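Every number in this text was worked out from the coordinates using simple rules, so none of it is lab data. Predicted model only: the values in this text are computed from it and were never measured. Glycine also receives a Cβ, built like all others from the backbone with ideal geometry; neighbour counts cover every protein chain displayed.
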Amino acid sequence: MTTKTCSRCAQVLAMDQFYGNSRGKWGLANECKGCCKKRANEADAKRPLYKIWRSMLRRCISPKDKHFKDYGARGITVCDKWMEFANYRDDILSLGEKPSKSHSLDRIDNGMGYFFGNVRWSDASAQTVNQRIRNDNTSGYKNITWCKTKKTWFVNVRRNKKNKHVGCFNSVEIALQARDAYILSLEKSDGSNG
């Protein structure tokens, strides 16, 4: 059996423990597969996708995380497959490149956990529309609130980090129609710009 010494960990290992490439003696890498994987993991730790993954895990798993109450405490989990970064990375990369710096991962069904098929790249505006209904909501609908002083239903939609007042309405049903029409017009204008 032919062996080789790893240039990083100095272990003497069988040749099949080295990746084949054009570098080094015998056309194999000078570092063993274990050291190559470790170095790749160290490099991943400095990348944005790794930081997103760690943050996702902390929110869902660690009661000490300041956002745990909005994730883990609500039952939002991370699938078993994604507990290992390499699996998460491969799935997320299959979604395609992050469209812009303003995009981040968004859960499609906000009441479910993190798993492939329930995540997408979205900008802040799309994520705002996808938020769950607030605890203090009186209408039962997102973006619609009761104004006690005017005794009307207000429709306010957050877009590009700004609130857009859509209007005041006498019934929640009419407010809901106005909100939906406004959001649909935003989606159409986004589609014609892209």
*Note down the net charge around ALA14, summing +1 for each Lys or Arg and -1 for each Asp or Glu among other residues with Cβ under 14 Å from its Cβ.*
+1
_Anchor LYS37: lysines whose Cα lies under 16 Å away (excluding residues fewer than 8 positions away in-chain)_ = LYS46
*How large is ³J(HN,Hα) for each residue in the stretch 107-117, as worked out from phi by the Karplus curve 6.51 cos²θ - 1.76 cosθ + 1.60 (θ = phi - 60°), to whole Hz, x for Gly and Pro?*
7, 5, 9, 5, x, 10, x, 8, 7, 5, x
